[in-house]
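> Can you read through this structure? Questions will come right after.
The values are calculated or read from the model by the stated rules, or taken from the named source; none is laboratory data. Predicted model only: the values in this text are computed from it and were never measured. Virtual Cβ from ideal backbone geometry, glycine too; neighbours counted across all protein chains shown. All accessible areas refer to the heavy atoms of the entire protein, side chains included, with ligands and DNA or RNA removed. Shrake-Rupley method; radii C 1.70, N 1.55, O 1.52, S 1.80 Å.
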Amino acid sequence: MSSIENVDYTNWDWLPRAANEVESYVLRLLAESGVEPHDVSARAKSIASFQRKQVAKQYPDPIGQITDIVAIRIITYSNTDRDRARELIRSRFAVLPGEDR
C-alpha cells in the first residue's frame, strides 16, 4: 500500500486559508519595506495535482517531500523592486535552489 492511500484529503480545507495567509503576510512585508508590487497572488496546490505528483515521483512521505503545496507570485514594476522583494522573501522563507523564478 502506498503512502498516498493513507492520506486523509478530507481535512485539507486548510490549504486555501494557508495560501491567503501567506499572501497577506507578503503584502504586509512588501508594504513595510516600501516595495509597491503590481500584483501579489498565492495559490494552494489542488489535491488532484498533489496526488499526481506523489504518484509520478513515488514519494514515500508526500507531505514532507512535496515542497510546492502553497506558491506565491510577486509581479513588480521594476528590477530594483524585484530584487528587493526577492531578498525579503529569502530572509523570511526557506527558498530552495532554483525555485525562485
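> Tell me which residues, restricted to region 56-90, are more than 16 Å from residue 12 (Cβ to Cβ), modelled with pLDDT under 80 and not in a loop (DSSP other than H, G, I, E, B).
Residues satisfying the conditions are 57, 65.
> Something else about it: Is it true that residue 94 is farther than 19 Å from residue 21 by Cβ, without any contact (Cβ under 8 Å) to a residue 24 or more places away in the chain, of a type in the set (A, V, I, L, M, F, W, C) and out of contact with any Asp or Glu (no Cβ under 7 Å at 6 or more places or on another chain)? Don't jump to the end; show me each part of the working.
Values: farther than 19 Å from residue 21 by Cβ: no; without any contact (Cβ under 8 Å) to a residue 24 or more places away in the chain: yes; of a type in the set (A, V, I, L, M, F, W, C): yes; out of contact with any Asp or Glu (no Cβ under 7 Å at 6 or more places or on another chain): yes.
In short, no.
> So which residues in region 8-48 are in contact with a Ser or Thr (Cβ under 7 Å, 6 or more places away or on another chain) and either outside any loop (DSSP other than H, G, I, E, B) or open to solvent by 50 Å² or more (accessible area, probe 1.4 Å) (or both)?
Result: 23, 38.
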